[in-house]
Structures are given as structure tokens and as C-alpha cells.
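What follows is a short report on a single structure.
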């Protein structure tokens, strides 16, 4: 029975929903933040300062904790300059290294380490359905980030912990993440599918995203898990469904890939490439999705 968990990235998009669901399940949350003004303290929610770049953290954060959920990492939806690519990678690895080095040196009761990861490890494909068994790795920058991220997480096994890696798809939420970015041009009357529009979007509602973390935590499940809804859709279908829900008809042709590449540079792969990813493993283990189809998810969010 889990009584207290430590979350990194608790104030982010998925973190906030996860904290809410933990509290609904009577699980207390300790969390790390790099900003001292974000430290709150209450009966079941306590903040602690850390600075992974400087190798600083408050060891009191581990008291009473039996599991860690690691969600820390800079957004990938910001132009990938050489400098920012280093921030994307370092923001994922520095925290893991600091946690590992600290836990290797102190007494603690942590038996389970769960970390975020990404479906962008799988190669871009319009036809292949990827499961957790697939060993192919894409050659993109993001895939390399995921490989390094997962390798850093695996080290926690040497501390006697179960390790879970949660490969996340496109998280849909009301006011943050990918959905508002898709809604904006449609509301302005300039929405259109991107590139061919045939690239897959393996999406997941933020409530299910947090729900999967909680499910792995409560059942102490280790291994790799795809965190995507059971019904991925192609980009053109997603854009059409959003437009329909907003009652804003699409009239523009698809936005050519070359235009997107000029605007976004290397980051254009976020818009133009995608993976068809299976959620079968987590469903087989007994996780029940609240939002199975995109239509239900959009109904809830728009």
C-alpha cells in the first residue's frame, strides 16, 4: 500500500493532474521544484528545493517515500537551437543523475522508480504498429534523447528498485500542451492538416496519462509501457475532428511540409512525423481508459 510518493515535475501539465489523482487515492505527495516560490507545505503536499545543474537537493524529500515518479524535463515544443537541444537533454539527465547519486549514498525506503519517456523512440512509420517489444530506434534527435533518458533510469535497478519507463504520446489537455496549439489556427479560420496529414498521432488524454502513472505505482509494475490511447488517429482526422467540434470548417489545403520545415527547422518532425503505437500491454494488465476515442476526449476538453 503506497502512502507517499516523490514526484519531480509535479507542477507541470501531467504532474498537476497526477498530484490530484494521488490525493484522491489518499497518497501523500512530496515534490521537487527548482523555484523556491513554488514550495508549498500542507498535510499531504510538501515541496522541496533542488537544483540538478548545481547538484543540490533537500534530502528531507525522501522521508517516508517508497516510490519516485520522474516527470522533469524541458518542453520540446520550443525552437531547437543547438543551445536549446542541450537544455532538452540536460533537463532530463541532470535530475536523474542527481537522484541516483544521492540515493546511492543515503538510507531510504524507495523500492520503485517510474520515469517519463517518449514514443518518439520508435521510427516514423505510416504502417507499422509499435509495441513495447519493438527494438528499432529512430535516428532523430528526440529518439536519441529518449535512449539516453531510459539508460539513465535503468541504473536505478542497481539500487534494488523496480524501474518503469512510460513512453508518452501526444498529451491532450484543455489549456496546455499540444491541443491549444492545434485549436488556435482553427479558431482563426486558418486551420489545415500538416504535410501529407497521414502521419499518425498517438494521443492520450491528460487524465489517462496521470491514471497510467498511478496504476503502475499502485500495482508496482516494472518495465516499459506505452502511454497512448487505444485509438490513434492520423493528423488530418485529428484536425478535422477538432474543427467539427469547434464548428469552424476547414477550407485551406494541407500546409506543405516544406513550409513547416522552413518555419520550424529540425523541430518540424514534431508536426510532420508520427508513430502508430499500441496500448495493448497496459490494457491487458487491467488499466481501463477513461477516454478511449478521440471524440470523447475532445468532447471533454473543448
Taking region 65-87 and keeping residues within 14 Å of residue 9 (Cα to Cα) and crowded, with 18+ Cβ neighbours inside 10 Å leaves 68, 69, 70, 71, 72, 73
Subset of region 160-175, residues touching a residue at least 12 places away in the same chain (Cβ under 8 Å) and surrounded by fewer than 16 Cβ atoms within 10 Å (Cβ to Cβ), comes to 160, 174
Only unsatisfied item for residue 41, checking (1) in contact with a strand residue (DSSP E or B) (Cβ under 9 Å, 6 or more places away or on another chain); (2) under 23 Å from residue 165 (Cα atoms); (3) exposed (fewer than 13 other Cβ atoms within 10 Å of the Cβ), is (2)
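So, residue 31, is that one buried (at least 18 other Cβ atoms within 10 Å of the Cβ) and either without any contact (Cβ under 8 Å) to a residue 60 or more places away in the chain or over 22 Å from residue 162 (Cα atoms) (or both) or not? Show your work before the answer.
Numbers: buried (at least 18 other Cβ atoms within 10 Å of the Cβ): yes; either without any contact (Cβ under 8 Å) to a residue 60 or more places away in the chain or over 22 Å from residue 162 (Cα atoms) (or both): yes.
In short, yes.
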query: If you check residue 107 against the conditions, is it surrounded by fewer than 20 Cβ atoms within 10 Å (Cβ to Cβ) and touching a helix residue (DSSP H, G or I) at 6+ places or on another chain (Cβ under 6 Å)?
result: no
When (1) over 30 Å from residue 111 (Cβ atoms); (2) out of contact with any strand residue (DSSP E or B) (no Cβ under 6 Å at 6 or more places or on another chain); (3) in contact (Cβ under 8 Å) with a residue 12 or more places away in the chain are applied to residue 244, the one that fails is (3)
Taking region 268-297 and keeping only residues that are outside any loop (DSSP other than H, G, I, E, B), in contact (Cβ under 8 Å) with a residue 60 or more places away in the chain and in contact with a helix residue (DSSP H, G or I) (Cβ under 9 Å, 6 or more places away or on another chain), one is left with 269, 270, 271, 272, 277, 282, 294, 297
Exactly one of 114, 2 is in contact with a strand residue (DSSP E or B) (Cβ under 9 Å, 6 or more places away or on another chain), within 20 Å of residue 163 (Cβ to Cβ) and modelled with pLDDT under 95, and that residue is 2
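Conditions tested, residue by residue: (1) over 16 Å from the mean Cα position of the chain (by Cα); (2) touching a residue at least 40 places away in the same chain (Cβ under 8 Å).
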{"residue": "99", "(1), (2)": "yes, yes"}
{"residue": "103", "(1), (2)": "yes, yes"}
{"residue": "107", "(1), (2)": "yes, no"}
{"residue": "117", "(1), (2)": "no, yes"}
{"residue": "127", "(1), (2)": "yes, yes"}
{"residue": "148", "(1), (2)": "no, yes"}
{"residue": "158", "(1), (2)": "yes, no"}
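Identify all residues within region 6-28 that are closer than 28 Å to residue 77 by Cα and in contact with a strand residue (DSSP E or B) (Cβ under 9 Å, 6 or more places away or on another chain); write none if there are none.
Initially, region 6-28 is screened for residues closer than 28 Å to residue 77 by Cα, giving 6-22.
Answer for region 6-28, where residues must be closer than 28 Å to residue 77 by Cα and in contact with a strand residue (DSSP E or B) (Cβ under 9 Å, 6 or more places away or on another chain): 6, 7, 8, 9, 10, 11, 13, 14, 15, 18, 19, 22.
For every residue, the table says whether it meets (1) farther than 17 Å from residue 300 by Cβ; (2) crowded, with 16+ Cβ neighbours inside 10 Å; (3) at pLDDT 95 or above.
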| residue | (1), (2), (3) |
| --- | --- |
| 208 | no, yes, yes |
| 214 | yes, yes, yes |
| 218 | yes, no, yes |
| 251 | yes, no, no |
| 256 | yes, no, yes |
| 278 | yes, yes, yes |
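The values are calculated or read from the model by the stated rules, or taken from the named source; none is laboratory data. Here the structure is a predicted model, which is why all the values come from computation and not from measurement. In this analysis, Cβ positions are derived from the backbone assuming ideal geometry, glycine residues included, and neighbour counts consider all displayed protein chains.
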